[in-house]
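The values are calculated or read from the model by the stated rules, or taken from the named source; none is laboratory data. What you see is a predicted model, and the numbers here were worked out from it, not measured in a lab. Positions of Cβ are backbone-derived with ideal geometry, glycine not excepted, and every protein chain shown enters the neighbour counts.
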Amino acid sequence: MKVKALVVDDSGIMRKMVMKTVTEAKFCEFEFVEAEDGQVALDKLKAADFDIVFVDWNMPNMTGVDFVREARKHEKANGIDAIPMVMVTSEKTMGKIQEALDEAGADGFISKPFTVEELQVKLKKHVEKAQVLRVRKNRLTAAPAAAAPASGGWLGKIFS
Amino acid sequence: MSTLTAPDPVSTAGASIHPAIVDAVRASLDKTYSAFFTERPEPIEYLEHHEGPCIAGIISFVGDRSFTFSWILKKETAPNVAQKFCGFEIPFESADMGDMAGELVNVIAGEIIAQLERRGMKASMSLPTVARGAPLELIPEVGPSIANLEYTSSEGGFWLRLAAAKTIAQRLPGR
């Protein structure tokens, strides 16, 4: 089972670092999609089905905080499950970070620079939630197929 | 080529940078650098002349004291720093190296804000920019206050440059 992750950062090297380190943390298998700013990320989020988002805080055009706020609005308006959103930041002032997380609706944060070991601890619950969401989505996708009649049975003949 | 004179590791021109800022920057470098390079860089006397290509990550701080901060890496140092910071090889001339320099200065800038706050100073930071040059001379030698903090490390040599901005009142037209 692959967890689909959206990685949002205006720095290409930072996106690579996040993907590399998250993969090395060996939670599960990931399928990464990259976005270079908040608006692009929002469009991708609306168009596809993601399980977790890693989003940079300090970006031009749309900051990470603004992105999370907009993404939560979209989830709420469309009755979509809230996916874990983790901010990636070089901010070190805890009060400021917490205020932004609460105000925007992000689930957690990781501070740059980060190590594999730190991510293993800090991301554990968020990745677990993403996995649960993926399982639920896979079940929902599989359910209509399971409910459809087998092609060899009498119901199958009727349907065919 | 820099033409600043350097009587000690902190070289200044004109009015000096507030000592708390220099202190906060040094502490931030120690903390950030040792987090991913395992050992602290060693401060050395600032060299007046730097030969060869360099790359710099630059970020501005606005607050109680406004200033610009640059982390300037020599060509031979930058790939070693990139390898340890990112975990993979990045050629000096590549666009990725620019991204790395910007990210490096962004990471230390977050720590500088926290360190300034501990010293009773508030500041917020801009997005990073990157400059390349051979040799790199970003800041005019006269005008703003400048401090140069040169270091040597197992990854090679680099230096930090602080340039204090004038206050808003000083910037008003006609003054």
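Below is a table of values for the structure above.
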{"quantity": "Unmet requirement for residue A:105, which otherwise passes all of (1) of a type outside the set (S, T, N, Q); (2) in contact (Cβ under 8 Å) with a residue 12 or more places away in the chain; (3) crowded, with 20+ Cβ neighbours inside 10 Å", "calculated": "(3)"}
{"quantity": "Qualifying residue in the stretch A:94-102 (condition: in a helix (DSSP H, G or I) and in contact (Cβ under 8 Å) with a residue 40 or more places away in the chain)", "calculated": "yes"}
{"quantity": "Selected residue [crowded, with 21+ Cβ neighbours inside 10 Å and within 12 Å of another protein chain (Cβ to nearest Cβ)] from B:110, B:87", "calculated": "B:110"}
{"quantity": "Single condition residue A:86 does not satisfy, out of (1) crowded, with 20+ Cβ neighbours inside 10 Å; (2) away from every other protein chain (no Cβ under 14 Å); (3) outside any strand (DSSP E or B)", "calculated": "(3)"}
{"quantity": "Per-region count, the stretch A:56-83, residues under 23 Å from residue B:107 (Cβ atoms) and either more than 13 Å from the chain's Cα centre (by Cα) or within 14 Å of another protein chain (Cβ to nearest Cβ) (or both)", "calculated": "11"}
{"quantity": "Residue within the stretch B:87-108 that is β-branched (Val, Ile, Thr), closer than 18 Å to residue B:154 by Cα and touching a residue at least 60 places away in the same chain (Cβ under 8 Å) present", "calculated": "no"}
{"quantity": "Given (1) within 14 Å of another protein chain (Cβ to nearest Cβ); (2) touching a strand residue (DSSP E or B) at 6+ places or on another chain (Cβ under 9 Å); (3) of a type in the set (Gly, Ala, Ser), number of the condition residue B:134 does not satisfy", "calculated": "(1)"}
{"quantity": "Residue match in the stretch A:5-12 (condition: more than 21 Å from residue A:132 (Cα to Cα), within 14 Å of chain B (Cβ to nearest Cβ) and in a helix (DSSP H, G or I))", "calculated": "yes"}
{"quantity": "Hey, residue B:131 in contact with a Leu (Cβ under 7 Å, 6 or more places away or on another chain) and surrounded by fewer than 17 Cβ atoms within 10 Å (Cβ to Cβ) or not", "calculated": "yes"}
{"quantity": "Any hit, the stretch A:26-34, residues being closer than 24 Å to residue B:127 by Cα and within 14 Å of chain B (Cβ to nearest Cβ)", "calculated": "yes"}
{"quantity": "The stretch B:26-45 residues that are away from chain A (no Cβ under 14 Å), paired with ones that are surrounded by 15 or more Cβ atoms within 10 Å (Cβ to Cβ) and outside any helix (DSSP H, G or I) (beta carbon under 6 Å, 6 or more apart)", "calculated": "B:41/B:151; B:41/B:153; B:43/B:9; B:43/B:151; B:44/B:150; B:45/B:9"}
{"quantity": "Residues located in the stretch A:74-83, provided they are within 19 Å of residue A:126 (Cβ to Cβ) and not in a helix (DSSP H, G or I)", "calculated": "A:80, A:81, A:82, A:83"}
{"quantity": "Number of positions in the stretch A:39-73 that are assigned to a loop (DSSP other than H, G, I, E, B), surrounded by 15 or more Cβ atoms within 10 Å (Cβ to Cβ) and not aliphatic (A, V, I, L, M)", "calculated": "5"}
{"quantity": "Residue in the stretch A:109-138 that is surrounded by the fewest Cβ atoms within 10 Å (Cβ to Cβ), counting only those that are within 14 Å of chain B (Cβ to nearest Cβ) and assigned to a helix (DSSP H, G or I)", "calculated": "A:117"}
{"quantity": "Lone qualifier among A:86, A:65 - being hydrophobic (A, V, I, L, M, F, W, C), in contact with a helix residue (DSSP H, G or I) (Cβ under 7 Å, 6 or more places away or on another chain) and at pLDDT 95 or above", "calculated": "A:86"}
{"quantity": "Residue under evaluation residue A:53, criteria (1) within 11 Å of chain B (Cβ to nearest Cβ); (2) modelled with pLDDT of 95 or more, criterion not met", "calculated": "(1)"}
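Quick grid of which residues meet (1) farther than 22 Å from residue A:116 by Cβ; (2) of a type in the set (A, V, I, L, M, F, W, C); (3) within 11 Å of chain A (Cβ to nearest Cβ):
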site: B:56; (1), (2), (3): yes, yes, no
site: B:63; (1), (2), (3): yes, no, no
site: B:66; (1), (2), (3): yes, no, no
site: B:76; (1), (2), (3): yes, no, no
site: B:94; (1), (2), (3): yes, no, yes
